[in-house]
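None of the figures in this text is laboratory data; all of them are computed from the coordinates on show. Since we're looking at a predicted model, the values are computed, not measured. Cβ placement follows ideal geometry from the backbone for every residue including glycine, while neighbour counts extend to all protein chains displayed.
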Amino acid sequence: MASQKKTKHANSLVVNLVLLLLVVIWTIPTLGIFVSSFRNRDDIASSAWWKVFPHKAWQTVAELDVKELGLNPDEVMTIEGVSGTFDEFREGVATPDGKQITWIGNKRLGRIEVQEEVWTVMWDFTLDNYRQVVGGQDFEFTRPDGTVEVVPGDNMLGAFLNSLTVSIPATVIPILIAAFAAYAFAWMKFPGRRPLFIMVVALLVVPLQIALVPILRDYKTLDLNGTYLAIWLAHTGFGLPLATYLLFNYISTLPRDILESAFIDGASHFTVFTRLIIPLSVPALASFAIFQFLWVWNDYLVALIFLGGNPELELVTQRMAAIVGSRGSEWHLLTAGAFVSMLLPLAVFFGLQRYFVRGLLAGSVKG
Amino acid sequence: MNLPQDERNDEQALGASLLSLIGRTLIAISIPIIAFYVLYQGFIFLRDSKAPAGIIAIVAIIWGVGGVGILFWVFNNLVELLPDLWRGRLLPFVFVGPAIAIMSWYLTIPTLRTFWISLFGRNGPEDGLNFIQLLGSDNFVGLSNYAAVFTDSLMREAFRNNLMWIAFGSTLSVAFGLIIAVLADRSKFEKTAKSLIFLPMAISFVGASVIWNFIYEYRPAGQVQIGLLNAIVTSLGNQPRAWAQWVDISPWNNLFLIVIVIWLQAGFAMVLFSAALKGIPEELLEAGRIDGATELQIFFRIMIPYIQGTLISVWTTVVIFTLKIFDVVWVMTGGQFGTHVIATQFYRQSFTNRNSGYGSAIAIVLLIAVIPVMFYNLKQFREQDAF
């Protein structure tokens, strides 16, 4: 018994270690962006983000004047007890007590620094990156040497508002329409019920690419391109099969007696739907709502095609993609921007994780 | 024997069913159309107004959501005014009609329309010609777009890459999801671990591309490497690389894009597997252990067969997902460096090159690729017999 217990314990140690390793690998990418978004513009460009963790770095403890020491860079020199050529000192020469002597600059105008390796962290954090990315106005960036540089803001706030305006109706409208349909499929008898539901199931996996060209033509005829309505309707259309399917699965399992007693009391379908079914289906409605919200908020393709013509309606994902395209190496903007774009999805995710998981378990495949 | 009477009843019934058919169709179509018209007028007004963005946003949300709700209410009340028989016939279509009409407009009919467009050249079928004239027009190219899809070298590259995406992307997503689910099931830190692995699911593809671009960030040798991967590689004494753009190892540079999707998708697989594993009866596992099975044997002989159904559905979901992959490739490389996939080719042909015939053919190919899954789903649905 004792030995079995021991192997079990060893097993669980291995299990936890492997799990920890995987979790660390999975978290590092996000952590890197998060940490970097608070670092100074110049720090991000000149040093790696993990320098915020304790690490050993060379720090100058003394400066020596070349002329005072009377050194000739063209021959072998002896400084602080170690000797080497100019090129060797340029690279840095280690002393026996762990210091490093480095020649800074060229042969004529150089100076010599004595450096010591010490534990340090780079904790020079700032909110400037967020200020620049979020605001729409020009942003004044003060360099370490005091000069001021004016850079245009990225107006992430405007994009954020646009994304909200797109996401909320594009989540609520399909749910409303799908809930009515799911109720009809579950509790009403009508001709064509089965074939219509088979259509819903078939549409679950149809790739939305199939619809983009014809729908864009319709929008052109209706002069709808670049309006909120265009993208709400598109997301409604693409989200409806999954919404109807999920809500049907839920609504059809509600106990029959409740409904029947309501009908006996003379309630109409509409009353039963709004007073009974909707309140009872809140868990299913919530889980699909989270799903659709994240999907719409994170969508790039549909926005690119139906809103692409109107720069005023640019969404968060489009804004981000534009920054990647035009200023792909300005990491202070990219990191802060990426985090602004993730803010709401992450809040929704952590706040409502339980419903989200339930939605996934209900069997969601989206076309 | 009142034959005439019966006949008259039949006639009445026929007339009634015809009327109800018309009524149903009218309701199914008119709710979305009226809704659409009201919303449309509102939007044209909003689009042209000069109000501040915040106010437009709030008005738009109320307008859109409220408008749809009110329409259902109005139509329901109209139908409630009808006599019982008619109410019973029409009411289901007030409920189900809008969903069906919108799905048909956005998905069902477009499959046919896209197929039709794919038979034509650059600009698709011309307006104002009838069916026969269209078939005879110069623009009609028959199936030659499809021939081009399968012979074009960029398309072949896209097919090859999509196969890589499926082979590596979906398989590894499922594998990692399964491994993590099994490990987490035996750990005390199950909840925290699962949350952290699942977290990338909330991040957009565009955001994920930024995150991984930062990891792959390239600086010439000798400079400080601020990207994690190059920092590791150079500290081991190797050359820094621009990983996703590394054409010399093409097609393997695709793997650097595929990793991103594995990172995003493993959490999805993990959650579903985790739930399925919890459904395995404890006695079954205990019995296996008593018989002296090793943990590996238990994994392969008991767990895997038990969760087979979940395994298949997760795998097909992830395959469909990777088949349509677009954002990651588009933002990371734009399809250059040998990384085009079917969906980026579709976008490039349809919207950059404005060759809608060719683009539509690519979309149809994508549809054909998911048809086996569609049939599998339908078969499952028939077997459930819940209907």
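Over all Cα pairs of region A:10-79, how is the pair count split among 10 Å bins, expressed in % and running from 0 up to the last occupied bin?
Here the calculated profile for region A:10-79 is 14, 23, 19, 20, 12, 9, 2.
Would you work out which of A:PHE197, B:GLN245, B:PHE159 lies farthest towards the positive end of the dipole of the protein assembly as shown, given +1 charges on the beta-carbon of Lys and Arg and -1 on that of Asp and Glu, about the Cα centre?
A:PHE197
Tell me, what HN-Hα J-couplings in whole Hz come from the Karplus equation 6.51 cos²θ - 1.76 cosθ + 1.60 at θ = phi - 60° for each residue of region A:262-271, using x for Gly and Pro?
5, 5, 4, 6, x, 6, 8, 4, 5, 5
Identify, among A:ILE277, B:PHE72, B:LEU135, the residue whose Cα sits farthest towards the positive end of the charge dipole of the protein assembly as shown, taking +1 on the Cβ of Lys and Arg and -1 on the Cβ of Asp and Glu, with the dipole about the Cα centre.
So the residue we want is A:ILE277.
Which whole-Hz couplings ³J(HN,Hα) result when phi for each residue of region A:210-223 is put into the Karplus expression 6.51 cos²θ - 1.76 cosθ + 1.60, θ = phi - 60°, listed in order with x for Gly and Pro?
Calculated HN-Hα couplings, in order: 4, 9, 5, 5, x, 5, 4, 5, 4, 5, 5, 4, 8, 6 Hz.
Please give the calculated 222 nm ellipticity per residue for chain B, where each DSSP H segment of at least 4 residues contributes -39500 (n - 2.57) and the sum is spread over every residue; nearest 500 deg cm²/dmol? Each step should come with its number before you reach the end.
On the way: 17 runs with 264 residues, N = 387.
After summing the helix terms and dividing by residue count, I get -22500 deg cm²/dmol.
Averaged over its residues, how many other protein chain Cβ atoms are within 10 Å of peptide A:170-181's Cβ atoms?
Details: counts 1, 1, 6, 9, 3, 1, 7, 15, 4, 3, 10, 9.
If you average over the peptide's residues, the count of other-chain Cβ atoms is 6.
Taking only the C-alpha atoms, wrap a convex hull around region A:292-333 and report its volume per residue in Å³ as a whole number. Write down the numbers at each step before the final one.
Details: hull volume 3.5 nm³, N = 42.
Convex hull volume per residue, Cα atoms: 82 Å³.
Please compute the Cα-Cα pair-distance distribution of region B:249-377 with 10 Å bins starting at 0, giving whole percents from short to long.
11, 28, 27, 18, 11, 4, 1
Under the rule a/c < 1.5 gives rounded, and otherwise a/b versus b/c splits prolate from oblate, where does region A:54-120 land using the Cα gyration tensor? Don't jump to the answer; show the numbers that get you there.
On the way: a/c = 2.13, a/b = 1.81, b/c = 1.18.
Prolate is the answer for region A:54-120, as a/c is 1.5 or above and a/b outweighs b/c.
Please give every one of the aspartates and glutamates within straight-line cross-link reach of B:LYS194, meaning a C-alpha to C-alpha distance under 13 Å, and leave out same-chain neighbours fewer than 8 residues apart.
In chain and number order, the partners are B:ASP185.
Principal axes first, then extents: for the Cα atoms of chain A, list largest minus smallest coordinate on each axis, whole Å, largest first.
Principal axes ranked by extent give 107, 74, 33 Å for the Cα atoms.
Considering every Cα-Cα pair within chain B, what fraction, in whole percent, is farther apart than 32 Å?
When every Cα pair of chain B is considered, 60 percent fall beyond 32 Å.
Please quote Rg/Rh for region B:152-354 to two decimal places, taking the Kirkwood radius as Rh and restricting both calculations to Cα atoms. Please list the in-between numbers first.
On the way: Rg = 19.9 Å, Rh = 18.9 Å.
Using only Cα positions, Rg/Rh for region B:152-354 is 1.06.
May I ask for the angle, rounded to the nearest 10°, between helix A:2-37 and the longest principal axis of chain A, with both axes built from Cα atoms and the value confined to 0 to 90°?
80
Neighbouring Cβ atoms within 10 Å as the yardstick, rank B:LEU183, A:LEU204 fewest first.
Working: B:LEU183 21, A:LEU204 24.
The most exposed by this proxy come first: B:LEU183, A:LEU204.
Restricting things to alpha carbons, tell me how big the protein assembly as shown is in terms of Rg and Dmax, in Å.
Looking at the protein assembly as shown, its Cα Rg and Dmax stand at 31.4, 134 Å.
In the structure shown, do any of B:LYS188/B:LYS278; A:LYS51/A:LYS107; A:LYS51/A:LYS99; B:LYS191/B:LYS324 have a Cα-Cα gap over 26 Å, and if so which? Let's see the in-between values first.
Working: B:LYS188/B:LYS278 15 Å; A:LYS51/A:LYS107 32 Å; A:LYS51/A:LYS99 21 Å; B:LYS191/B:LYS324 31 Å.
Table pairs above 26 Å Cα-Cα are A:LYS51/A:LYS107; B:LYS191/B:LYS324.
Can you divide the C-alpha Rg of region B:108-267 by 2.2 N^0.38 Å and report the result to two decimal places? Each step should come with its number before you reach the end.
Working: Rg = 23.2 Å, N = 160, 2.2 N^0.38 = 15.1 Å.
For region B:108-267, the normalised Cα radius of gyration comes out at 1.53.
Take the Cα pairs of region A:156-361, get the Kirkwood Rh, then feed it into Stokes-Einstein at 25 °C and 0.890 mPa s and tell me D in µm²/s. Each step should come with its number before you reach the end.
Working: Rh = 18.8 Å.
Calculated translational D: 131 µm²/s.
Given H placed 1.01 Å from N in the peptide plane, which residues other than close sequence neighbours of B:GLU126 have an amide H under 5 Å from its amide H?
Excluding prolines and chain starts, which carry no amide H, there are no hits.
Convert each backbone phi in region A:164-170 into a coupling constant with the Karplus relation 6.51 cos²θ - 1.76 cosθ + 1.60 (shift: θ = phi - 60°), then list the ³J(HN,Hα) values in order as whole Hz, x for Gly and Pro.
Rounded to whole hertz, the list is 5, 5, 7, 6, 5, x, 5.
Round to a whole angstrom and tell me the spacing of the C-alpha centers of region A:212-259 and region B:267-345.
Comparing the Cα centres of region A:212-259 and region B:267-345, I get a distance of 29 Å.
Across every pair of different alpha-carbon atoms, what Kirkwood hydrodynamic radius in Å does region B:25-128 reach?
Details: mean 1/r = 0.0608 Å⁻¹.
Hydrodynamic radius (Kirkwood, Cα only) of region B:25-128 equals 16.5 Å.
Output the direction-averaged projected area (hull surface divided by four) of the convex hull of the alpha-carbon atoms of region B:94-173, in nm². Walk me through the numbers on the way to the answer.
On the way: hull surface 36.1 nm².
The orientation-averaged projected area of the Cα hull of region B:94-173 comes to 9.0 nm².
How big is the Cα convex hull of region B:316-387 in projection, averaged over all directions, in nm²? Write out the running numbers ahead of the final one.
Numbers: hull surface 24.3 nm².
Convex hull of Cα atoms, orientation-averaged projection: 6.1 nm².
Give me A:SER287, B:SER209 ranked fewest to most by other Cβ atoms within 10 Å of their Cβ, as a rough exposure proxy. Kindly include the intermediate steps, with their values, before the conclusion.
Details: A:SER287 24, B:SER209 27.
Lowest to highest Cβ neighbour count: A:SER287, B:SER209.
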